[in-house]
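The values are calculated or read from the model by the stated rules, or taken from the named source; none is laboratory data. Just so it is clear, the structure is predicted and the values come from calculations on it, not from any experiment. All Cβ positions, glycine included, derive from the backbone under ideal geometry; neighbour counts span all protein chains shown. Just the protein is used for accessible areas: all its heavy atoms, side chains included, with ligands, DNA and RNA removed. Shrake-Rupley method; radii C 1.70, N 1.55, O 1.52, S 1.80 Å.
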Amino acid sequence: MTMRRDCAVPAVVAVFLAAAVTGCTSAAGGRPAAAGNPEPAVTPLPLTATATPSRPSDLVLPIAPYLFTDAQSSQLAAAHTELVSACMKRYGFAYSVSTASAPSVRLPANESRYGVMTPDQARYGYHFMAEEMKRLQPAAAPAHDAPKVTPAMASVLTGTAGGPVNGRSVPSGGCNAEATAKLGGRNGRYGDPDIAESIQADSFTRSQSDVRVLKTFAAWSACMRAGGYHYKDPNAATNDPRWSSSAEPTAAEIATARADVACKRRTDLVGVWFSVESAYQAAAIELNAGSLRQARSTMRRELRIAAALIGSSR
């Protein structure tokens with residue numbers, strides 16, 4: 001499983017910016033001081049009492065306050081689009097992207113972090129995320145809403161014009177970089193702080209080397225084996241190559257997912273894993289307190305600018 005919180009960028013922009021932009025996350029802060037090459041075994045950290053999570057919405061990790069919500073990320077993306085459009089207009093290009101309405105209900109941030117978790121998810125096997133996204137996906141915008149980007153427009157978007165366009169010099173990095181800077185982003189990026197994303201990824205990796213999680217994995221594996229399913233850990237079940245051979249879940253996949261959920265509940269796997277990962281995040285947050293304070297300040301600035309831009313455009 002991978003955990004990604006990239007900002008939404010209109011596909012037509014992404015095509016032309018892929019080579020120039022490495023992401024839309026802010027560079028506020030670097031990698032966490034606790035990060036580095038994952039160790040083969042991790043010294044267990046003390047845990048605090050945590051109620052056993054029974055559904056994905058219960059999974060609120062300590063790093064959550066340092067990451068944008070989906071609604072906030074959508075607001076930033078909309079503001080960025082407004083700024084890009086205004087910049088392009090200076091060069092004589094009509095560039096606008098109609099943003100499809102966001103779904104009224106959103107998936108919890110950690111919907112798939114520990115794999116299939118509930119009987120409802122298991123109804124779709126390990127395709128549950130695709131099914132849930134399908135149910136929440138807003139209606140696709142009509143094809144004519146997508147702006148037609150000519151090579152000349154692309155050169156202004158990315159800053160590769162090589163000289164003035166329509167009598168005006170093009171900013172370094174093009175309209176995309178200018179919009180990002182005006183939005184309050186740093187180092188050419190905006191959105192989730194790198195420091196927070198690094199802590200989130202690092203804690204997930206480290207938690208899987210913690211002796212308490214490994215012990216729970218072993219108990220889960222024994223439970224699955226008793227039902228005729230042979231997997232070393234939940235990730236092995238999730239990534240069984242048989243599941244990727246079909247766009248829809250097979251009967252065998254659904255049966256495996258149901259057994260997976262039952263064994264997770266029997267061994268309290270999600271509760272243990274979540275508690276252990278929370279401890280690693282809490283330790284990293286304490287160690288990187290200064291960088292995270294700076295990151296929060298950048299996040300608030302970006303949201304203020306986005307709110308002002310969107311408000312003034314209505």
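Table for the structure above
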| read-out | value |
| --- | --- |
| Near pairs, Cβ below 9 angstrom, 6+ apart or cross-chain, from the range 165-188 (within 14 Å of residue 81 (Cβ to Cβ)) to any residue that is surrounded by 18 or more Cβ atoms within 10 Å (Cβ to Cβ) and of a type in the set (Lys, Arg) | 180/186; 180/189 |
| Candidates 211, 272, filtered to the one that is closer than 25 Å to residue 55 by Cβ, open to solvent by 10 Å² or more (accessible area, probe 1.4 Å) and touching a residue at least 12 places away in the same chain (Cβ under 8 Å) | 272 |
| Boolean, residue 257 is small (Gly, Ala, Ser) and open to solvent by less than 10 Å² (accessible area, probe 1.4 Å) | yes |
| Filtered residues of the range 270-314 (kept if closer than 19 Å to residue 205 by Cβ and in contact with an Asp or Glu (Cβ under 6 Å, 6 or more places away or on another chain)) | 276 |
| Residue within the range 281-303 that is open to solvent by less than 30 Å² (accessible area, probe 1.4 Å), over 24 Å from residue 64 (Cα atoms), in contact (Cβ under 8 Å) with a residue 60 or more places away in the chain and part of a helix (DSSP H, G or I) present | no |
| Hits in the range 191-245 (condition: closer than 30 Å to residue 80 by Cβ and not hydrophobic (A, V, I, L, M, F, W, C)) | 191, 192, 193, 194, 197, 198, 200, 202, 203 |
| Whichever residue in the range 186-195 is open to solvent by less than 30 Å² (accessible area, probe 1.4 Å) and in contact with a helix residue (DSSP H, G or I) (Cβ under 7 Å, 6 or more places away or on another chain) and, among such residues, is farthest from residue 153 (Cα to Cα) | 195 |
| Within the range 149-163, considering residues that are out of contact with any Phe, Trp or Tyr (no Cβ under 7 Å at 6 or more places or on another chain) and assigned to a helix (DSSP H, G or I), the one least open to solvent (accessible area, probe 1.4 Å) | 155 |
| Meets criteria (of a type in the set (A, V, I, L, M) and either modelled with pLDDT of 95 or more or touching an Asp or Glu at 6+ places or on another chain (Cβ under 9 Å) (or both)) for residue 179 | yes |
| Residue under evaluation residue 181, criteria (1) touching a Pro at 6+ places or on another chain (Cβ under 8 Å); (2) open to solvent by 60 Å² or more (accessible area, probe 1.4 Å), criterion not met | (1) |
| Subset of the range 111-148 (residues that are modelled with pLDDT under 85 and part of a loop (DSSP other than H, G, I, E, B)) | 111, 137, 138, 139, 140, 141, 142, 146, 147, 148 |
| Single residue of the range 196-208 satisfying the filter (open to solvent by 40 Å² or more (accessible area, probe 1.4 Å) and not β-branched (Val, Ile, Thr)) that is farthest from residue 289 (Cα to Cα) | 208 |
